[in-house]
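Notes to accompany the following structure.
The values are calculated or read from the model by the stated rules, or taken from the named source; none is laboratory data. Keep in mind it's a predicted model, so treat the numbers as computed, not measured. Here the Cβ positions follow ideal geometry from the backbone for every residue, glycine too, while neighbour counts run over all protein chains shown. Only protein heavy atoms, including side chains, enter the accessible area calculation; ligands, DNA and RNA are left aside. Shrake-Rupley method; radii C 1.70, N 1.55, O 1.52, S 1.80 Å.
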Amino acid sequence: LLGTSSTETLASVANDFPEVESSTRIILQSGFWQIGVSNRVQIRLETQRGGSLVFREENGAYADPNLFTFFSIPLLDGEPETVLRGANHVALSQSTAEKYFGEVSPVGQLLTLNDSVTLSVSGVFEDLPSNTHLKFDFVISNGGIVNKWDAGYPWATNYIKLVHPNFNDFENRVNDPSRGYLSEIKRMFPNTQCRFFV
């Protein structure tokens, strides 16, 4: 775990250190405001009878398309390599899928996020265990907003895998002031001490 930083920093670290095997990024619902989405999430789905159902959700996330290949989160429906590949694709937890659709397969169904963004359900994952720090009931591909992520904004939780991990050495090198990874934060908050935790 590299900690929370700009997405630009993660890309730089991945390029600068050959021992970085892969990386991924997640923004939990509390950070949705950074990408122009309200933290108060409302999911709407149309019923076969012409009405609609509305659910208020508190545990959503946006993530890079490789989330399910980076982490070993079991998928009940969908393929790890493709489930988040498309813009506005969303994977639901098993409990959330059952809450929305009952026994009907959710894959291919459409949901509306905050009455403005149409999401296509592309997979279902097992409910996350209680002992993980990852807390989301649905996860949306960042494909539709990746230009914002790649511009170094917003702030996301960044994860990296090291081929031959030497955590102390890596942490010391990534925190070397000459690399300038945290210069953006230090300019914004000059009296703040900060470093990456590995």
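Inside the range 3-26, residues that are in a strand (DSSP E or B) and at pLDDT 85 or above make up a count of 7.
Could you check, for the range 93-105, whether at least one of its residues is surrounded by 18 or more Cβ atoms within 10 Å (Cβ to Cβ) and closer than 27 Å to I160 by Cβ? Yes, because at least one residue in the range 93-105 is surrounded by 18 or more Cβ atoms within 10 Å (Cβ to Cβ) and closer than 27 Å to I160 by Cβ.
Cβ-Cβ distances below 9 Å connect the following pairs, each with a first residue in the range 20-45 that is free of Cβ contacts under 8 Å to residues at least 60 places away in the same chain and surrounded by 20 or more Cβ atoms within 10 Å (Cβ to Cβ), a second residue that is in a loop (DSSP other than H, G, I, E, B) and not charged (D, E, K, R), and a separation of six or more residues or different chains: F32/S38; F32/N39.
Restricting the first member to the range 46-71 and to residues that are over 17 Å from L128 (Cβ atoms), and the second to residues that are open to solvent by less than 20 Å² (accessible area, probe 1.4 Å) and among the hydroxyl-bearing types (S, T, Y), the beta-carbon pairs closer than 9 Å and six or more apart or on different chains are L53/Y100; F55/T96; F55/Y100; D64/T24; D64/S141; P65/T24; P65/S141; N66/T24. Taking the criterion of being closer than 18 Å to G60 by Cα, in contact with a Phe, Trp or Tyr (Cβ under 8 Å, 6 or more places away or on another chain) and part of a helix (DSSP H, G or I), would at least one residue in the range 151-168 satisfy it? No - not one qualifying residue is present in the range 151-168.
Screening E81 against (1) surrounded by fewer than 12 Cβ atoms within 10 Å (Cβ to Cβ); (2) at pLDDT below 95; (3) assigned to a loop (DSSP other than H, G, I, E, B) leaves a single unmet condition, (2).
When the residues of the range 56-70 are filtered to those that are modelled with pLDDT of 95 or more and aromatic (F, W, Y), which remaining residue is nearest to L92 (Cα to Cα)? Out of the qualifying residues, it is F68. Residue count for the range 86-141, restricted to those that are touching a Gly at 6+ places or on another chain (Cβ under 8 Å), modelled with pLDDT of 95 or more, more than 19 Å from Q48 (Cβ to Cβ) and part of a loop (DSSP other than H, G, I, E, B): 2. If you check N88, N59 for being open to solvent by 40 Å² or more (accessible area, probe 1.4 Å) and out of contact with any strand residue (DSSP E or B) (no Cβ under 6 Å at 6 or more places or on another chain), only one passes: N59.
In the list S38, S72, S30, S93, which residue meets the criterion of being within 19 Å of the chain's Cα centre (by Cα) and under 28 Å from D169 (Cα atoms)? Testing whether each residue is within 19 Å of the chain's Cα centre (by Cα) and under 28 Å from D169 (Cα atoms) leaves just S72. Restricting attention to the range 179-198, the residues that are touching a residue at least 60 places away in the same chain (Cβ under 8 Å) and open to solvent by 90 Å² or more (accessible area, probe 1.4 Å) total 2.
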